[in-house]
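Novice: Can you keep this structure in mind? I'll have questions shortly.
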Amino acid sequence: MSTEVVSVSAVSAEQQQSPSAPAQQTAVEKVNLLGMSRPQMEKFFEDMGEKKFRAGQVMKWIHQFFVTDFAEMTNISGKLREKLEKICEIKAPEVVHKNYSKDGTRKWVFRVGDGEGSLVETVLIPAEHRSGLRRTLCISSQVGCALDCSFCSTGKQGFQRDLSQAEIIGQLWMANYSYMEDVPVLERERSVTNVVMMGMGEPLLNYDAVLNSMRTMLDDFAYGMSKRRVTLSTSGVVPKIDQMVKDIDVALAISLHAPNDELRNELVPINKKYPLEQLIAACQRYIAKDGNESSRKHVTIEYVMLDGVNDYPEHAQQMIKLLKNLPSKINLIPFNPFPHAPYGRSSRNRIISFQKTLSDAGFVCTIRQTRGDDIDAACGQLVGQVADRTRRAEQWKKKVAQQNEILRSQG
């Protein structure tokens, strides 16, 4: 990806070179406008000596009409378009693989750097809703993940790096564009209705890039999404949840997966640093903001159902006690096995029984429908084609094989 921050002085210096300067001198790398939030782009235009309203014009062309050629931006002067063409670009991450499921789910694998491991996945899930067709895009924020939750396939590849704003927004741009490729520019419409920052990586550990990307999602000059339709999912980085209170109003989801600290320490290791009491308190602070327009009316609780691990009746009772003072909706997720995973999926009857216990206690509790698993797009299968650069997956497979050998010897 191209750099997202331009040095206008560097551009000016290049433009002011002597005519006798060697033609082969290194050119300034073009600035990728795709990932810039509106304040960032306004500053960029002002630094160029242009009016800042140009930022809104360009953002509409990029994010509402999905135009990457400055020559097509017909409400901008030819002189400015020529200037932008010289120093800027609009560049989404390279698509190296795409697959569309028979159920309508779409998956993309993007290259975001050099090497086999510089890949991330993005999944779009369609669903019928009372308000019409809903298309929810699950966006990645990091290459790999450092948190190593024991049930998550992505964590087994380790962590490589954070994604830039252009690489994050580029996923949303491409998902929309996939429905618009053959549509005339001025007839194009945004197709993605919902975004969840729930793909590869822990979004709150890439805070600034994720924050500015979500601001672009909400911006009327870009995607104009409702703040209730942009959700950030975290495993529980408590200080950053508190920072979000000051910075943005979007929906919050918590990857809980266990109702007590002992079990959650095993499944979600970050719990050792920020245990449940701290996490629940942070969630309560997050939704404390008043106002009918706030998306902070409740927290979504994500709970993957692992057979014989966290799906017992006592776990449901512990959930009731844990969440009794937290306005929340609970989403039970059938586990999607991956190679060498040490867990199995809870039975349908067990999941339904778990749901009934929570519903009878007054909670809104749903069971997530598994989608896209024919293209490895279901929750927990996002590791896809990403190479393992830390040997964590290799070590994990070895550990599981050793455990299986012990069980066979004891049997």
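Novice: Within region 28-42, work out how many residues are crowded, with 19+ Cβ neighbours inside 10 Å and among the β-branched types (Val, Ile, Thr).
Specialist: Counting residues in region 28-42 that are crowded, with 19+ Cβ neighbours inside 10 Å and among the β-branched types (Val, Ile, Thr) gives 1.
Novice: Taking region 227-246 only, how many residues are part of a strand (DSSP E or B), within 19 Å of Ala258 (Cα to Cα) and β-branched (Val, Ile, Thr)?
Specialist: Going through region 227-246 one residue at a time, the tally reaches 1.
Novice: Under the condition of being over 16 Å from Ala258 (Cα atoms) and modelled with pLDDT of 95 or more, which residue from region 328-349 is surrounded by the fewest Cβ atoms within 10 Å (Cβ to Cβ)? Show your work before the answer.
Specialist: Quick first cut of region 328-349, residues over 16 Å from Ala258 (Cα atoms) only: 336-342, 347-349.
With the extra rule that they be modelled with pLDDT of 95 or more, the set shrinks to 347-349.
Numbers: Ser347: 14, Arg348: 11, Asn349: 8.
In this case the residue turns out to be Asn349.
Novice: Still on this model: Go through region 45-70 and count every residue that is outside any loop (DSSP other than H, G, I, E, B) and among the aromatic types (Phe, Trp, Tyr).
Specialist: 4
Novice: Here is a list: Met319, Met244. Which entry is modelled with pLDDT of 95 or more, closer than 26 Å to Ile367 by Cβ and surrounded by 14 or more Cβ atoms within 10 Å (Cβ to Cβ)? Walk me through how you get there before you give the answer.
Specialist: On the way: Met244 fails: closer than 26 Å to Ile367 by Cβ.
Just one listed residue meets the conditions, Met319.
The values are calculated or read from the model by the stated rules, or taken from the named source; none is laboratory data. Just so you know, these numbers come straight off a predicted model, no measurement behind them. Please note: Cβ atoms are built from the backbone with ideal geometry, for glycine as well, and neighbour counts cover all protein chains shown.
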